[in-house]
1. Kindly indicate the residue of the stretch 99-117 that is part of a loop (DSSP other than H, G, I, E, B) and of a type in the set (A, V, I, L, M, F, W, C) and also most open to solvent (accessible area, probe 1.4 Å) among those meeting that condition.
2. If you take the residues of the stretch 79-98 that are part of a loop (DSSP other than H, G, I, E, B) and at pLDDT 95 or above, which of them is surrounded by the fewest Cβ atoms within 10 Å (Cβ to Cβ)?
3. Out of the residues in the stretch 72-117 that are within 13 Å of the chain's Cα centre (by Cα) and hydroxyl-bearing (Ser, Thr, Tyr), state the one that is nearest to TYR20 (Cα to Cα).
4. State whether one or more residues within the stretch 8-17 are at pLDDT 95 or above and under 22 Å from THR69 (Cβ atoms).
5. Can you name the condition, by its number, that TYR90 falls short on among (1) among the aromatic types (Phe, Trp, Tyr); (2) touching a helix residue (DSSP H, G or I) at 6+ places or on another chain (Cβ under 8 Å); (3) farther than 19 Å from TRP37 by Cβ?
6. Within the stretch 4-78, which strands (runs of 3 or more DSSP E) (wholly inside it) include 2 or more residues that are of a type in the set (A, V, I, L, M) and surrounded by 12 or more Cβ atoms within 10 Å (Cβ to Cβ)?
Amino acid sequence: MNLNSILIGSEDPKPLVEYYTKLFGEPTWNDGGYTGWQIGAGGITVGPHSEVKGKNETPGRVIWNIESTEVKRDFDRLKEAGAKVEHDLYNPGEETEMWIATFSDPDGNFFQLVSPM
């Protein structure tokens, strides 16, 4: 098996499309109200979902990660592009070189930039 993408459902996907376009560039695909970006080997798609209303009230329940060998550089790039920072870069343990930063989108969904594990 191979996890290849996630779908972020929204009552109003237009602000999400604008937000993720600022961060990741022009979408890889846009069809039938669903817009997606290829990020490495995986992808994210945003689109309408009839069972989603308003903002995410529990954003820590599902957090998707983007792995980068240049976390500090990519953190600065995403921040300059307009990413909303929920938690600045931090090292989760003293004996590791891992770095993590947490961002949120206009619907309140969390995603993280992480060093390779």
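1. That would be MET117.
2. Looking at residues that are part of a loop (DSSP other than H, G, I, E, B) and at pLDDT 95 or above, I get GLY82.
3. For the stretch 72-117, the residue satisfying everything is SER104.
4. Checked the stretch 8-17: no residue is at pLDDT 95 or above and under 22 Å from THR69 (Cβ atoms).
5. Exception for TYR90: condition (2).
6. Details: elements: 5-10, 29-31, 34-39, 42-48, 63-67.
Qualifying strands (runs of 3 or more DSSP E): 5-10, 42-48, 63-67.
The values are calculated or read from the model by the stated rules, or taken from the named source; none is laboratory data. None of the values given here were measured: they were computed from a predicted structure. Positions of Cβ are generated from backbone atoms using ideal geometry, with glycine treated the same way; all protein chains shown enter the neighbour counts. Protein only, heavy atoms only, side chains kept; ligands, DNA and RNA dropped before computing areas. Shrake-Rupley method; radii C 1.70, N 1.55, O 1.52, S 1.80 Å.
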